[in-house]
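Notes for the one structure printed next.
The values are calculated or read from the model by the stated rules, or taken from the named source; none is laboratory data. Just so it is clear, the model here is predicted, and its values are computed rather than measured. With ideal geometry, Cβ positions are generated from the backbone for all residues, glycine too; neighbour counts draw on all protein chains shown. Calculation scope for accessible area: heavy atoms of the full protein, side chains included, ligands and nucleic acids excluded. Shrake-Rupley method; radii C 1.70, N 1.55, O 1.52, S 1.80 Å.
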Amino acid sequence: MSLTESLQTTPLDVAHRALGGRMVEFAGYSMPVQYKGIIAESRAVREGAGMFDVSHMARLKFTGEGTLAFLEHATANDVAKLGDHQGQYSLLPNATGGTVDDIIVYRYSADEYRMVVNAANHAKDVAHIRTLLPAGVTMADYTAETAMVAVQGPKAAGIVASLSDRSAEAEALPFFGTIDLKVAGVECYAARSGYTGEDGFELQCPAAEAGRLWQALLDAGVEPCGLGSRDTLRVEAGLPLYGHELTDDLSPIAAGLGWVVSKTKAFLGSEPINAARAGGTPTKLQGVRLESKRVAQPGSKVSVDGRAVGEVSSGVYSPLLDCGVAFAFLDPGVKVETPCTVDFRGKAEPGQVVGKRFFKRG
Amino acid sequence: MNVPAELRYTKTHEWVRLEGDTVTIGITDHAQSELGDIVFVDLPTPGRSLGQDESFGSVESVKTVSDVYAPVAGEVVEVNEALGGQSELLNAAPYEAGWLIKVKVSDPAAVDSLLSAADYQALLDA
């Protein structure tokens, strides 16, 4: 998309500009890539609490007779395992064993399920889901009337709980649990989840009240963070990004997401995915840790003993490890701890193949 | 943004300080701010001869990679080795400790044709 086309804005656009956010185009939206700086914002999330405007991600609601059966067919994880007010990471598979999107599915109640999907795939997902939607199940897209803020970091859950009307219950909420919560007086649908490897909440609220919620979190000392640090933090935490580690043509098994895929149910694309699980995939996602601080670009070749063994899918500078780290799809035979090099415009930078999870909260 | 009056500038956001027949070259405060946190600087080997507007290296930030161009022609006589271990000097002090290279210029008068501080400031304001 070119910048001359008009970009969508989130309900927090005014707040981003007031804070000096550097705005860039992302998935058709004008979004802050950073405020103070990517390194400072990454550190704030690892050490205290940071918040991200993720209002651009799309929010869908499913109701009606047969919703559970429909979701079991359309998504890869076991939806029946969810109790009320629980969520799960999942995938929208296609019929050929690739991934339409990675998503979160929430069971709000037996009669209502919700889904959060990637902004870049919003239109594609809605069109794909419509082809699968049976009579009797209603899909409502409530993205535009709501905002979503992810509050992340070791202090995040405590801050959200302290601003809320149900602080003890919020504090005690398990990972991927959800709760209806007033935060600073704003009605929120709160999920104990995120995309940074840290504890925290993802808060959905009415669009018109997003500014008030954001300001209350700012006043409580939460650092505003942009898409740049979000990308850094998700790579450090070993989390995939659609378009990089997941695509329509790649098996989620290659990306190491077999744990998200049900072993017991049949669903759209279950046969090719199960075949990939049993027979292996041509490449496998691994981590690469560089000796230098350089940021590997997607598509850069990775070599072992001068032989090309795959290519980078995502790369960032990790403030935590003070070096460049990357994800790369490599020949399945390449083991962790193997010394490797990554090509930077003709210069081979030394590194090592490592596990995908560069950071795990102890 | 800081635009020191005594320096000369380019449209591609390099600065130049002329002392005798040698210029020190770096990137401007505006450039480092636009790039964000800088993690790697690729610089030429001393002895290399550069034409005007020739790319002599690159600056990598956590967001992007950007080539840097020689504002004037000459021979590289020194590179800022400190940037190898401390690329963040470029963010902290782009006009002092974060300089990139020193070049012995073929024609010191060529510096006069570069942008003045006022011209460069006007470019940033446009």
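Within the same chain, lysines fewer than 8 places from A:K36 are excluded, and of the rest, those with a Cα less than 23 Å from its Cα are A:K155, A:K293, B:K63. With a/c under 1.5 counting as rounded, go ahead and sort chain A into rounded, prolate or oblate using the C-alpha gyration tensor (a ≥ b ≥ c being the square roots of the eigenvalues; past the cut-off, prolate if a/b is larger than b/c, else oblate). Oblate shape, in that a/c is at least 1.5 and b/c is the bigger or equal ratio. When B and A come together, around 1200 square angstrom of accessible surface is lost from both chains combined, probe 1.4 Å. Which distance in Å, rounded to a whole number, links the C-alpha centroids of the range A:167-222 and the range A:101-147? Here the two parts' Cα centres lie 21 Å apart.
With charges set only on the Cβ (+1 for Lys and Arg, -1 for Asp and Glu), what does the dipole of the protein assembly as shown come to about its Cα centre, in debye to the nearest 20?
On the way: 42 positive and 63 negative charges, 283 e Å.
Approximately 1360 debye in magnitude.
The value given for the range A:282-354 is a Kirkwood hydrodynamic radius of 11.5 Å, derived from the mean inverse Cα-Cα separation. Note: the range A:1-93, Cα convex hull, 178 Å³ per residue.
By the scheme Lys and Arg +1, Asp and Glu -1, what is the net charge of all other residues having a beta-carbon under 9 Å from that of A:E198? Could the numbers behind the result be given before it?
Values: positive: A:R46, A:R361; negative: A:D199.
With Lys, Arg at +1 and Asp, Glu at -1, the net is +1.
All Cα-Cα distances of the range A:33-178, cut into 5 Å bins from zero to the largest, leave 2, 9, 16, 19, 18, 15, 11, 7, 3, 1 percent in each bin in turn. Neighbours of A:R307, meaning other residues whose beta-carbon lies under 15 angstrom from its beta-carbon, give a summed charge of -2 when Lys and Arg score +1 and Asp and Glu score -1.
By average Cβ neighbour count within 10 Å, what is the ranking of B:30-38, A:321-329, B:83-91 from highest down?
Values: B:30-38: 20.1, A:321-329: 22.1, B:83-91: 17.2.
Those peptides, ordered most packed to least, come out A:321-329, B:30-38, B:83-91.
Calculated accessible area for the range B:1-72 comes out at 41 Å² per residue, all protein chains present (probe 1.4 Å; ligands, DNA, RNA ignored).
Show that you can apply the helix-only estimate: for the protein assembly as shown, add -39,500 (n - 2.57) for every DSSP H stretch of four or more residues, divide by all residues, and state [θ] at 222 nm to the nearest 500.
Mean residue ellipticity at 222 nm (helix-derived): -5500 deg cm²/dmol.
Nonpolar atom fraction for the range A:282-354, defined as the carbon and sulfur part of the 1.4 Å probe accessible area, stands at 52 percent.
The mean number of Cβ atoms from other chains found within 10 Å of a Cβ in peptide A:345-352 is 1, as a whole number. Both radii are taken from the alpha-carbon atoms of the range A:200-247; with Rh as the Kirkwood radius, Rg/Rh is 1.08.
When the alpha carbon gyration tensor of the range B:75-126 is reduced to an equivalent ellipsoid, its three semi-axes come out at 24, 20, 6 angstrom, largest first.
The equivalent ellipsoid that matches the C-alpha gyration tensor of the range B:8-106 spans semi-axes of 20, 13, 12 angstrom, in descending order.
Once you mark the trypsin sites (Lys or Arg not before Pro) that are in a DSSP loop and have at most 12 other Cβ atoms within 10 Å, what is the longest gap between them in chain A? Each step should come with its number before you reach the end.
Working: sites that count: A:K263, A:K335, A:R345, A:K360, A:R361.
Of all site-free stretches, the longest is A:1-262.
Averaged per residue, the range A:308-350 has 40 square angstrom of accessible surface, using a 1.4 angstrom probe with ligands and nucleic acids left out.
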